[in-house]
Structure formats: C-alpha cells, structure tokens
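Presented below is the structure to which this report refers.
Laboratory data are not the source of any read-out in this text; all were calculated from the coordinates shown. Since the model is a prediction, treat every value here as computed from it, not as a measurement. When we count neighbours, we look across all protein chains shown, and the Cβ atoms used for this are built from the backbone with ideal geometry, even at glycine.
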C-alpha cells in the first residue's frame, strides 16, 4: 500500500511536487506520526508502518479509469 499526503497539508504552489520545507523536525514529527497511526489503530483501521525517514523507491503504474490533477 502506498501513502498519499492529503491536500492542504503540503505546499504545492510552485509545481506538482509537495514542499515539506515547513515540516516539523524529525524529533518532533516522529512521535506525532506514531500517535496518528495509533489513533487509527484504535478506530479499528489496519495500519502498517515502515522505517521513519527511510529513503524509498516508489513506482507508479497509472492503471485507473481517470487521473485527477489538483490545482490550487
């Protein structure tokens, strides 16, 4: 399963790729992330996590009926 960052949480004003320049530092962000994942688990949502801040190689196969491009 791949992750998607909800619109409005990142700045895409300068192009299609989100900017995380105003993101919390890792020491602050990781506990928030863990709390969020646990809150989802408490609601009965199946949550799988990986290694926080790990580098990932992601491949996308665009095989759906539509592609939605959001512009702000």
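Along the Cα-to-Cβ line of residue 58, 7 Å from the Cα, sits a label point; which residues in the stretch 19-46 have backbone N less than 12 Å from it? Flagged as within label range: 19. Hydrodynamic analysis of the stretch 22-72 uses the Kirkwood radius over alpha carbon pairs. Inserted into Stokes-Einstein at 25 °C and 0.890 mPa s, it gives a translational diffusion coefficient of 172 µm²/s. Peptides 56-62, 41-47, ordered by how many other C-beta atoms sit within 10 Å of their residues on average, highest first, read 41-47, 56-62. Extension gain for the segment residue 69 to residue 17, taken as residue separation times 0.36 nm less the Cα-Cα distance, is 17.5 nm to one decimal. Summary of the geometry: the stretch 18-33 and the stretch 38-65, compared by the centres of their Cα atoms, lie 17 Å apart.
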